[in-house]
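Only one structure is covered here, and it is reproduced in the block below.
The values are calculated or read from the model by the stated rules, or taken from the named source; none is laboratory data. Note that the structure is predicted; figures quoted are calculated from it, not measured. Because the Cβ atoms are built from the backbone with ideal geometry, glycine has one as well, and the counts that use them run over all protein chains shown. With ligands, DNA and RNA removed, areas are computed over all heavy atoms of the protein, side chains included. Shrake-Rupley method; radii C 1.70, N 1.55, O 1.52, S 1.80 Å.
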Amino acid sequence: MVQTRSSSRAKNGDIVATPKLTLKTDRSGVSTAVKKSAPASILTSSIMEDHMSNGNGLTKRSVSARIQSPTVPVNGNSKENGAVHSTLDDHVTDKNEKTNPMVYVVFVSLLLDLLAFTMILPLFPSLLDHYHKNDGPDGLYQKLLRVVKFFQNFVGAPDQFNSVLFGGFLGSMFSFLQFVASPVVGGFSDVYGRKAVLLTCLVGIASSYALWAVSHSFIVFVLARFIGGLSKGNVSLSMSIMADVSSNKKRGVGMALVGIAFSVGFIVGPVIGALFSKWAQAQTGAWFVWPATFALSLAIADILFVSLCFKETLPKEKRAKSVAGSLSQATSYINVLDLFKFAAVKDLQSTELKELQRLGVVYFIYLFLYSGLEFTLTFLTHHKFSYSSMQQGWMFFAIGLTMAILQGSFVRRVPPTRTKSTAVLGLFLIIPSFLCVGLATTSLLLYIGLFLFAVSTAMVVPCMTTLVSKLGADHQKGIVMGIFRSLGALARAAGPIVASIAYWGIGSTTTYLVGGVLLTVPWFLLKRSLLQ
């Protein structure tokens, strides 16, 4: 990465170039300053910086740009032509830079995975109804149902939403398992390489679908979900791979493609599941074998595709050296306070660590509140607007389609210098989204709120992931992205439960208005960040 700082001054009516400082960062993350001179025409065409800095003298443009000794030249090279050629070469390189093919391999792999993962969502009511009838009075289903009924009576939810609450608890369990698994998977990938660990995750996911296909009792189905949750570290690992193969300029493209994979997956997958669900209504017996087999076929296709097409993106010389060191930090992966501190990430400069911790808090608060609205939206649209399940399906389809269009057309083209400001804008837009949904008494105001909700989501997650991927050395990307993803999973595990209690306890309007006010906190924190 090469970053420059230059200026010019007037002297007797002429433009005189002051020395140009070029900050070069090697693969180990060590920065050195190179002092060169350049003609005024080159200097005046350089990108201007924002020189506002904090007490440590760090510019808001980048916490990683540090000039350690602006008066000491390195290599002793101060030839004018050398500076000109270096600048022009950098410009040509940026202009001709192509996206690494592994970015598209990861995109296809994620898409196959998410199609299989999301197709089960519309099937939950039919699956729960099947196990309710066939699991027996002493089965796990009846035991968990008593817990759900206690929660339902506690918050005052009607009986008709038992299945939604049941699905919410299963979803929270799945997210909690991701919270545990993501940083561990990332840490092992930093030692053993991305491909081996990615294939292990995909095999685990395929095993969960195979187990689902033979889950004639509810306890086997829950075990399948348990294995699937523990294997879902492939998502954070995919983001680490994007960070491996992308320069600062192209990293946003890779993260946007991850967002597109999610959007398309959450559009097409539920449609496939809805078709299976409609077909299941006329079936008897173990009808779930067919959708489970379809999901298994997608998972096997994913394994074969990655085995054949994916090339390792973390060379051995860049990997972490100690497996024992990774295992000794296991408590840092599951201890919530250590996760927020990013304690497992060693040897970061204090300023970078503080920015990483800030991003973790921002992401957690945002997803905690976001997932709460997303989950309780089913309650709101049914109670206030009498939406049927089909209407709710179209609503989520429209949200996903809006996200996919934005991420494919706008977000992936956001330049590196605008990544933070785009994320800040996204965090700002979700505030009026919550307010509109909470105050909505007409469909128009609801649609405005949901549109802002989709726009915000399309911006925030890819851009924040891009910001996080800039921090840490090559051998730390897996741990950094794993912890970041784990914080998001923890937020998704807790958000729906807290939101349900608030929704049925203090009402939808108050819940969403309070959520909108609280969302000013992550917006303010990210706005104060030094990252760009």
- Task: Give the number of residues within the stretch 121-133 that are out of contact with any helix residue (DSSP H, G or I) (no Cβ under 6 Å at 6 or more places or on another chain) and in contact (Cβ under 8 Å) with a residue 60 or more places away in the chain.
- Result: 2
- SER469 meets each of (1) in contact with a Leu (Cβ under 9 Å, 6 or more places away or on another chain); (2) at pLDDT below 85; (3) open to solvent by less than 10 Å² (accessible area, probe 1.4 Å) with one exception, condition (1)
- Query: Could you say whether any residue in the stretch 324-337 is modelled with pLDDT under 85, within 22 Å of the chain's Cα centre (by Cα) and open to solvent by less than 20 Å² (accessible area, probe 1.4 Å)?
  - Reply: yes
- Note on the structure: For the stretch 400-414, the count of residues that are open to solvent by less than 50 Å² (accessible area, probe 1.4 Å) and part of a helix (DSSP H, G or I) equals 8
- Return yes when PHE428 is in contact with a Ser or Thr (Cβ under 9 Å, 6 or more places away or on another chain) and either assigned to a helix (DSSP H, G or I) or within 22 Å of LEU367 (Cβ to Cβ) (or both) and no when it is not. yes
- Item | Residue satisfying all of: in the stretch 434-445; open to solvent by less than 40 Å² (accessible area, probe 1.4 Å) and touching a residue at least 24 places away in the same chain (Cβ under 8 Å); farthest from the chain's Cα centre (by Cα) among these | ALA440
- How many residues does the stretch 277-290 contain that are modelled with pLDDT of 85 or more and open to solvent by 40 Å² or more (accessible area, probe 1.4 Å)? 2
- Task: Exactly one condition in (1) hydrophobic (A, V, I, L, M, F, W, C); (2) under 13 Å from GLY228 (Cβ atoms); (3) surrounded by fewer than 23 Cβ atoms within 10 Å (Cβ to Cβ); (4) under 24 Å from the mean Cα position of the chain (by Cα) is not met by LEU199; state its number.
- Result: (2)
- For PHE294, the lone unmet condition from (1) within 22 Å of the chain's Cα centre (by Cα); (2) modelled with pLDDT of 80 or more is (1)
- Do we find that PHE174 is buried (at least 21 other Cβ atoms within 10 Å of the Cβ), closer than 18 Å to VAL498 by Cβ and not charged (D, E, K, R) in this structure? no
- Item | Count - residues of the stretch 291-318 that are under 30 Å from CYS463 (Cβ atoms), open to solvent by 60 Å² or more (accessible area, probe 1.4 Å) and among the basic types (Lys, Arg) | 1
- Task: Sort out which residues of the stretch 101-129 are over 17 Å from GLY269 (Cα atoms), open to solvent by less than 60 Å² (accessible area, probe 1.4 Å) and at pLDDT 85 or above, and write them in order of number.
- Result: MET102, VAL103, VAL105, VAL106
- Query: Can you pull out the residues in the stretch 364-404 that are of a type in the set (Ser, Thr, Tyr) and at pLDDT below 80?
  - Reply: THR378, SER388, SER389
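For (1) open to solvent by less than 20 Å² (accessible area, probe 1.4 Å); (2) without any contact (Cβ under 8 Å) to a residue 24 or more places away in the chain; (3) more than 17 Å from THR466 (Cα to Cα), each residue gets a yes or a no:
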site	(1), (2), (3)
THR376	yes, no, yes
LEU380	yes, no, yes
HIS383	no, no, yes
SER386	no, yes, yes
GLY393	no, no, yes
ALA398	no, no, yes
THR417	no, no, no
LEU427	yes, no, no
- Message: So, PHE221, is that one at negative phi, buried (at least 24 other Cβ atoms within 10 Å of the Cβ) and touching a residue at least 40 places away in the same chain (Cβ under 8 Å) or not?
- Response: yes
- Item | Members of the stretch 114-134 found to be farther than 30 Å from SER238 by Cα and touching a Ser or Thr at 6+ places or on another chain (Cβ under 6 Å), listed by number | PRO125, SER126, LEU128
- Which listed residue, of PHE166, PHE154, is closer than 16 Å to PRO125 by Cα, out of contact with any strand residue (DSSP E or B) (no Cβ under 9 Å at 6 or more places or on another chain), at pLDDT below 90 and part of a helix (DSSP H, G or I): PHE166
- State whether one or more residues within the stretch 284-303 are part of a loop (DSSP other than H, G, I, E, B), of a type in the set (Phe, Trp, Tyr) and farther than 19 Å from LEU123 by Cα. no
- Can you pull out the residues in the stretch 267-276 that are open to solvent by less than 20 Å² (accessible area, probe 1.4 Å) and farther than 29 Å from PRO101 by Cα? GLY273
- Task: Mind listing just one residue for me: the one in the stretch 494-532 that is under 19 Å from VAL361 (Cα atoms) and of a type in the set (Ser, Thr, Tyr) and, of those, modelled with the lowest pLDDT?
- Result: SER529
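Matching residues to (1) open to solvent by 50 Å² or more (accessible area, probe 1.4 Å); (2) not in a helix (DSSP H, G or I):
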| residue | (1), (2) |
| --- | --- |
| VAL480 | no, no |
| ARG485 | no, no |
| ALA499 | no, no |
| THR510 | yes, no |
| LEU530 | no, yes |
